[in-house]
1. Can you work out the Karplus-derived ³J(HN,Hα) for every residue in segment 116-125? Use 6.51 cos²θ - 1.76 cosθ + 1.60 with θ = phi - 60°, whole Hz, and x for glycine or proline.
2. Using DSSP to define loop residues, name the GluC sites (Glu not before Pro) in segment 45-101 whose beta-carbon has at most 11 other beta-carbon atoms within 10 Å.
Amino acid sequence: MPLLRWKAEYSVHREDLDRHHQEMFDILNSVYDNLMDSHEPGFLIPSIDRLSAIALHHLSAEEQCLREMHIPEIDQHIAKHREFVEAIEMIRNDCHENYSEASKELIILLGDWLFHHVLKEDRKYFSPARAAENSVRALTGQVVGKHPEICSATTSQTP
């Protein structure tokens, strides 16, 4: 049984980014299921590698969109992305010592990331309200980036 389920209300209103977030939910649930049911140590490293690949691809695409939207606090947002990637790598480096503990750390890290970063931070940039705000700013001649739904970052293929 899944630990956390994706819900439509979690959407950032970008099909490609939502798909990446759903894949992260899938990884979290598969690591949780493995920890609870089979305790197969060989399962963790491929899961971490998959998460790393998805995260790097996803974060690159998201950052490109944020740049095009001229988000003022982009540097702080990108710094949080780097911390997340570094935390994944630390778990990977330490997972040989204690598979169960590393699995728990990954579940906590990814769960925290999905609920605090994706559902709070990302949604404030990729929301319908933000797109509407950008439209109003564009109509009034204020400097504005592209709408998140039309930013040029190509994220259709996940590694």
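1. Taking θ as phi minus 60°, the curve returns 9, 7, 5, 7, 10, 5, 5, 5, 6, 8 Hz for segment 116-125.
2. Loop-located and lightly packed - GLU73, GLU97.
A short reminder: the numbers here are calculations on the coordinates, not readings from a lab. Computed from a predicted structure; not experimentally measured. A quick note on method: Cβ atoms are made from the backbone with ideal geometry, for glycine too, and the neighbour counts reach across all protein chains shown.
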